[in-house]
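The structure appears right after this line, and notes come after that.
The values are calculated or read from the model by the stated rules, or taken from the named source; none is laboratory data. Being a predicted model, the structure only gives us computed values, none of them experimental. Please note: Cβ atoms are built from the backbone with ideal geometry, for glycine as well, and neighbour counts cover all protein chains shown.
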Amino acid sequence: MATTEIVKKDSSSIFRLLDKEDEKTGQKMEGVSQCPFYDEKGSQDHFARTKAHSKAERNAIRKLIPEYLITQFIKDAEEQGKVKKIDFCQCHTPRPEPLAKEICSTCHKVIKQ
Ligand SMILES: [Zn+2]
């Protein structure tokens, strides 16, 4: 796949615009991504550039995959028992486990975000 990339920065974020071309079909798709340099607490995210690049690339590649292939892939995974249904916590006031905050310490199920 051929890639063309545009990077723009301002004081708070990095933007990436990335073009991917499927060389077999000649089809081109654009992937866009934005990632802030600082989190909500004001701490610097040293991986902002990497994250913006990876997300833009993923978004572009995703658009090049035909929808029928994705649907078939999911259907095959379900038929092969590779898809698990998640049993979410039903507690009135879920209490997150100290070392795994997504798990309820009362019922040991996943807390829905
Ligand atoms: Zn629970």
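Being surrounded by fewer than 15 Cβ atoms within 10 Å (Cβ to Cβ), at pLDDT 95 or above and within 30 Å of residue 25 (Cβ to Cβ) holds for only one residue in 90, 80, and it is 80. Residues in segment 31-77 that are outside any helix (DSSP H, G or I) and of a type in the set (Phe, Trp, Tyr): 37, 38, 47. Only one of the numbered conditions (1) touching a residue at least 40 places away in the same chain (Cβ under 8 Å); (2) out of contact with any Gly (no Cβ under 7 Å at 6 or more places or on another chain); (3) crowded, with 16+ Cβ neighbours inside 10 Å is not met by residue 22, and that is (3). The set of residues in segment 93-109 that are assigned to a loop (DSSP other than H, G, I, E, B) and more than 9 Å from the ligand (Cβ to nearest atom) comprises 97, 98, 99, 100, 101, 102.
Provide a single number: the residues in segment 82-91 that are near the ligand (Cβ under 9 Å from one of its atoms) and part of a loop (DSSP other than H, G, I, E, B). Even if it seems obvious, please write down each step before you answer.
Our first condition is that a residue be near the ligand (Cβ under 9 Å from one of its atoms); within segment 82-91, this holds for 88-91.
Applying the additional criterion that residues be part of a loop (DSSP other than H, G, I, E, B) yields 89-91.
Residues meeting the conditions: 3.
Just so you know, in segment 63-77 the residues that are closer than 27 Å to residue 19 by Cβ and charged (D, E, K, R) include one that is modelled with the lowest pLDDT, and it is 63. In segment 31-54, the residue that is nearest to residue 15 (Cα to Cα) out of those that are surrounded by 13 or more Cβ atoms within 10 Å (Cβ to Cβ) and out of contact with any helix residue (DSSP H, G or I) (no Cβ under 9 Å at 6 or more places or on another chain) is 52.
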